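*Asks:* This structure is in structure tokens; I'll ask about it shortly.
What follows draws every value from the coordinates through simple rules; no lab data is involved. Being a predicted model, the structure only gives us computed values, none of them experimental. Cβ placement follows ideal geometry from the backbone for every residue including glycine, while neighbour counts extend to all protein chains displayed.
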Amino acid sequence: MKEMRLFGPDLPPGFDYRDDFITDVEERQLVAAIAGVEFASFEMRGVVARRRVKFYGRSYDAVPGPEEPIPKFLLPLRERLAAWATIDPAAFAMALINEYRESAPIGWHRDAPQYESIAGVSLLSSSRMKLRPYVAPKDVSKLAGPRKTTHQLELRPRSAYLITGEARQGYEHSIPPVASLRYSITFRTLRHGR
Ligand SMILES: O=C(O)CCC(=O)C(=O)O
């Protein structure tokens, strides 16, 4: 029997989470389509990450590069996430598929500044997302003590999250090493003027 949550997780303002955002069948279809995706390795602050990535649409880097359009198999999901976020689907101008093989994490980060809102869906396995207030790198050494996780939640397979406002700008997030293969599909809107 499926475990029900009586209370939602305690999350910063602007962070929204929904279990069962997609069905088992939709998850299987997405995973089948992802099997044909060519992932690339990704460098974060000079270190090659253990997760692999595939970017579509507006480049993750500030320097515009050649854009591969968001593929058809992601469009229905983008539409549904946009309806939840109450925005035009096209406003989710970039998509990113992250592939986390067993033991792959994503370190603490706040999303790249050229993006605004983030919507994400988790596939295949659960992971834990941790959040803590964002501190600019130049100010980290001035902190009195170690930094603490202030919020965390389980991202279940087929669930979705929306990160906007305070949760997006005032917090950073990370995912500890995953227990088994997980994909996330995230869409991002562009910040005005970028
Ligand atoms: O895998 C996830 O759900 C989080 C992805 C993420 O934080 C990112 O791509 O910056």
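*Asks:* Quick one: order H151, H173, H109 by neighbouring beta-carbon count within 10 Å, fewest to most.
*Replies:* Numbers: H151 17, H173 25, H109 12.
Fewest-to-most ranking of H151, H173, H109: H109, H151, H173.
*Asks:* With runs of 4+ DSSP H residues as the only contributors, calculate the mean residue ellipticity of the chain at 222 nm using -39,500 (n - 2.57) per run, divided by the residue total and rounded to the nearest 500.
*Replies:* Values: 4 runs with 31 residues, N = 194.
Here the helix-only value at 222 nm equals -4000 deg cm²/dmol.
*Asks:* Using the Cβ atoms and a cut-off under 11 Å, what net charge is assigned to the surroundings of A49, where Lys and Arg are +1 and Asp and Glu are -1?
*Replies:* Details: positive: R45, R50, R51, R52; negative: E43, E99.
Combined, the nearby Lys, Arg, Asp and Glu give +2.
*Asks:* So what is Rg over Rh here for the chain, counting just Cα atoms and using Kirkwood for Rh? Working shown, then result.
*Replies:* On the way: Rg = 16.3 Å, Rh = 17.4 Å.
With Rh from the inverse mean 1/r over Cα pairs, Rg/Rh is 0.94.
*Asks:* Separation between the W84 and K138 pseudo-spin-labels, each 7 Å from Cα along Cα→Cβ, expressed in nm?
*Replies:* The answer from the label model is 3.7 nm.
*Asks:* Kindly put V140, V121, V135 in sequence by how many other C-beta atoms sit within 10 Å of each C-beta, fewest to most.
*Replies:* By the 10 Å Cβ count, ascending: V140, V135, V121.
*Asks:* How would you classify region 91-178 from its alpha-carbon gyration tensor, with a ≥ b ≥ c the square roots of the eigenvalues: rounded for a/c under 1.5, else prolate if a/b is greater than b/c, otherwise oblate?
*Replies:* Working: a/c = 1.99, a/b = 1.34, b/c = 1.49.
Oblate, because a/c is 1.5 or more while a/b does not exceed b/c.
*Asks:* Within 10 Å of each residue's Cβ, count the other Cβ atoms and sort M129, M94 from fewest upward. Before the final figure, lay out the partial values.
*Replies:* Details: M129 24, M94 21.
Ascending Cβ contact count within 10 Å gives the list M94, M129.
*Asks:* While we're on this one: Using +1 at the C-beta of Lys and Arg and -1 at the C-beta of Asp and Glu, which of F15, A95, L75 has the Cα lying farthest in the positive direction of the dipole of region 8-125?
*Replies:* Highest projection toward the positive end goes to A95.
*Asks:* Just subtract the alpha-carbon distance of E166 and A179 from 0.36 nm times their residue separation and send over the number in nm, one decimal.
*Replies:* Details: separation 13, 0.36 × 13 = 4.68 nm, distance 2.96 nm.
Additional length available on full extension: 1.7 nm.
*Asks:* Next question. Within region 156-170, list the residues whose amide N lies under 20 Å from a label point set 7 Å along Cα→Cβ of H192.
*Replies:* Output list for this probe position: 163-170.
*Asks:* So between A40 and T149, what do we pick up on full extension, going 0.36 nm a residue minus the alpha carbon distance? Mind dumping the intermediate values first?
*Replies:* Details: separation 109, 0.36 × 109 = 39.24 nm, distance 2.97 nm.
Roughly 36.3 nm would be gained on extension.
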